[in-house]
Amino acid sequence: MLGAWRSHSDYQSFLVENIRPIYASDKNRVLQFSEALSKLYNLDLDVLEPVL
């Protein structure tokens with residue numbers, strides 16, 4: 001149901017790779033969501049993998 005599990009470090013790489021082009025084209029858009037993006041970047045859910 002949830003699909004393949006992605007490790008936290010893989011998720012961080014995914015997030016950075018996908019944010020970079022948006023930042024290059026619309027810096028203000030990324031800065032507007034910087035607090036939420038920072039929280040997502042730091043939120044490590046790897047410990048929940050066995051539960052989910």
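The values are calculated or read from the model by the stated rules, or taken from the named source; none is laboratory data. The model shown is predicted, which means the values in this text are computed figures rather than measured ones. Backbone-built Cβ (ideal geometry, glycine too); neighbour counts: all protein chains shown. The accessibility values were calculated without ligands, DNA or RNA, using every heavy atom of the protein model including side chains. Shrake-Rupley method; radii C 1.70, N 1.55, O 1.52, S 1.80 Å.
Between [x] 1.32; [y] 0.98; [z] 1.13, which entry matches Cα Rg over 2.2 N^0.38 Å as derived from the coordinates of this structure?
[x]
Return the sequence-ordered ³J(HN,Hα) values of the range 35-45 in whole Hz as given by the Karplus equation 6.51 cos²θ - 1.76 cosθ + 1.60 applied to θ = phi - 60°, using x for Gly and Pro.
5, 5, 5, 5, 5, 5, 4, 8, 6, 9, 9
Hey, in the GNM for the chain with a 10 angstrom Cα cutoff, which one of LEU15, LEU40, LEU31 fluctuates hardest?
Result: LEU31 has the largest fluctuation of those listed.
So what is the calculated 222 nm ellipticity per residue for the chain, using -39500 (n - 2.57) for each DSSP H run with n of 4 or more, over all residues, to the nearest 500 deg cm²/dmol?
Dividing the helical sum by the residues of the chain leaves -19000 deg cm²/dmol.
Treating the angle as unsigned and between 0 and 90°, give the value, to the nearest 10°, between the Cα long axis of helix 8-25 and the longest Cα principal axis of the chain.
With both axes taken from Cα atoms, the answer is about 20 degrees.
Could you pull out which residues in the range 20-52 have an amide N less than 13 Å from a spot 7 Å beyond the Cα of SER7, following the Cα-Cβ vector?
In the range 20-52, the label zone of SER7 (backbone N under 13 Å from the point 7 Å along Cα→Cβ) covers 46-47.
At LEU52 and GLU17, where each label point lies 7 Å from the Cα along Cα→Cβ, what is the point-to-point distance in nanometres?
In this crude spin-label approximation the distance works out to 1.9 nm.
Trypsin sites (Lys or Arg not before Pro) within the chain: which are DSSP loop residues with at most 14 other Cβ atoms inside 10 Å?
Answer in residue order: ARG6.
For the chain, with every protein chain kept in place, what is the accessible area per residue (1.4 Å probe, Å²)?
87 Å²
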